[in-house]
1. Is there a residue being touching a Pro at 6+ places or on another chain (Cβ under 9 Å) and buried (at least 19 other Cβ atoms within 10 Å of the Cβ) anywhere in the stretch 165-182?
2. Taking helices (runs of 4 or more DSSP H) that fall entirely within the stretch 215-332, which contain at least 2 residues that are within 23 Å of Thr16 (Cβ to Cβ)?
3. When the residues of the stretch 44-75 are filtered to those that are of a type outside the set (A, V, I, L, M) and outside any helix (DSSP H, G or I), which remaining residue is nearest to the ligand (Cβ to nearest atom)?
4. Which numbered condition in (1) near the ligand (Cβ under 10 Å from one of its atoms); (2) buried (at least 20 other Cβ atoms within 10 Å of the Cβ) is the only one that Asp152 fails?
5. If you scan the stretch 103-124, which residues turn out to be touching a residue at least 24 places away in the same chain (Cβ under 8 Å) and within 15 Å of the ligand (Cβ to nearest atom)?
6. Are there any pairs, at least 6 apart or on different chains, whose C-beta atoms fall under 7 Å, with the first in the stretch 1-26 and on the phi < 0 side of the Ramachandran plot and the second among the aromatic types (Phe, Trp, Tyr) and assigned to a strand (DSSP E or B), and if so, which?
7. For Arg198, are the conditions met, namely being more than 16 Å from the ligand (Cβ to nearest atom) and either at pLDDT 95 or above or not hydroxyl-bearing (Ser, Thr, Tyr) (or both)?
8. Quick one: Leu8 ticks every box in (1) over 30 Å from Gly181 (Cα atoms); (2) at pLDDT 95 or above; (3) of a type outside the set (Lys, Arg); (4) within 15 Å of the ligand (Cβ to nearest atom) except a single one, so which number is it?
Amino acid sequence: MAKKFPELVFSGVQPTGSLHLGNYLGALKRFVEMQATHDCLYCVVDLHAMTMPHDPAQLREATRAVAAAYLACGIDPKRNIVFNQSRVAEHAELTWVLNCVARVGWLNRMTQFKEKAGKDRENASAGLYDYPVLMAADILVYRATHVPVGEDQKQHLELARDIAQKFNNDFAASIAEHGHGDAFFPLPEPLIQGPATRVMSLRDGTKKMSKSDASEFASIGLTDDDDAIAQKIRRAKTDPEPLPSEAAGLKGRPEADNLVGIFAALNDETKDSVLRQFGGGQFSTFKAALADLTVAKLAPIRAEILRLRADSGEIDRVLADGAERARAIARPIMDQAKDVLGLIR
Ligand code: TRP
């Protein structure tokens, strides 16, 4: 009988650049939903943000900005644990252990490394190469079982499962001997679902929405004002056909698919039900409704982000408290891992 672990949710967002609608629909909105049914840890992964060249002052501000966005979207820091990764040294400590479990061949297959390293792979940081192992440690150091992530993180989650499995196998005898039964770590499951787990650029429906896009009209920031939101949606790229009457008709129409997906995700409905209302109609009508909906959903979030950012005291207190509670879970697990591994403590 495989050992059962209690359900625990972990997820993280990198403090790089400012957050946009894609982060909200792909991650934050799901995090908020999970808190109704699960114990959750929501981390600002500042150690991951260092894997690419970074500016210290910007990292500090971006860390607070992600924390503010968590709270503004509705994550309750009393019911959940909200913290920044670097404060809990056990993440880095377990990373070393997992580095000795993960195989170089596994890391060589990670597509995100190839994308981020670009042509000059020799010059990428060793941290960027090791990014997925740190991510596995983030999850496993709490024995988290469920991980809400966007589509693009699926491969990293599979790697985390492979690492957990190999640890459980390699040290099976010691794990049993130390009273942990047949598994030390759970195999964490990705939670990827919903109509907009991957929000695309408003200028090119085949590219992911990104703040670093050359066009400022490509993404909607969480602190954009109402006029900016409406203008960006009005200008969003479309095609000349009217909207189809069901989701199947969005195939091969990436821009239409993206806008309908955003509407569906914001309004908690399916693409089919959105198209029952707007199918056959012109984009202009649909875009006006989408702009109204987006403004209605983002305006309260923006107001709360701005309020929290005006005085970082509240954010800093939340992060300090969260780190303490996170460490209280991670430390005993790390100590047990050391015992299993034969590391004297
Ligand atoms: N790599 C994730 C991303 O870019 C962020 C992340 C870091 C994460 N550690 C994590 C997500 C652990 C889930 C669980 O989106």
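The values are calculated or read from the model by the stated rules, or taken from the named source; none is laboratory data. What you see is a predicted model; the values in this text were computed from it and never measured. All Cβ positions, even for glycine, are placed from backbone atoms using ideal geometry, and neighbour counts span all protein chains on display.
1. Looking for residues that are touching a Pro at 6+ places or on another chain (Cβ under 9 Å) and buried (at least 19 other Cβ atoms within 10 Å of the Cβ), one finds none in the stretch 165-182, hence no.
2. Output list reads 226-235, 254-266, 283-310.
3. Applying the first criterion (of a type outside the set (A, V, I, L, M)) to the stretch 44-75 yields 46, 48, 51, 53-56, 58, 60-61, 63-64, 70, 73-74.
Those left that are additionally outside any helix (DSSP H, G or I): 51, 53-55, 74.
On the way: Thr51: 10, Pro53: 17, His54: 14, Asp55: 19, Gly74: 19 Å.
Among residues in the stretch 44-75 that are of a type outside the set (A, V, I, L, M) and outside any helix (DSSP H, G or I), the one nearest to the ligand (Cβ to nearest atom) is Thr51.
4. Result: Asp152 fails condition (2) only.
5. Leu107, Met110, Thr111, Gln112, Lys116
6. Partner pairs satisfying both residue conditions: Ser11/Tyr42.
7. Details: more than 16 Å from the ligand (Cβ to nearest atom): no; either at pLDDT 95 or above or not hydroxyl-bearing (Ser, Thr, Tyr) (or both): yes.
It is false that Arg198 is more than 16 Å from the ligand (Cβ to nearest atom) and either at pLDDT 95 or above or not hydroxyl-bearing (Ser, Thr, Tyr) (or both).
8. Every listed condition holds for Leu8 apart from (1).
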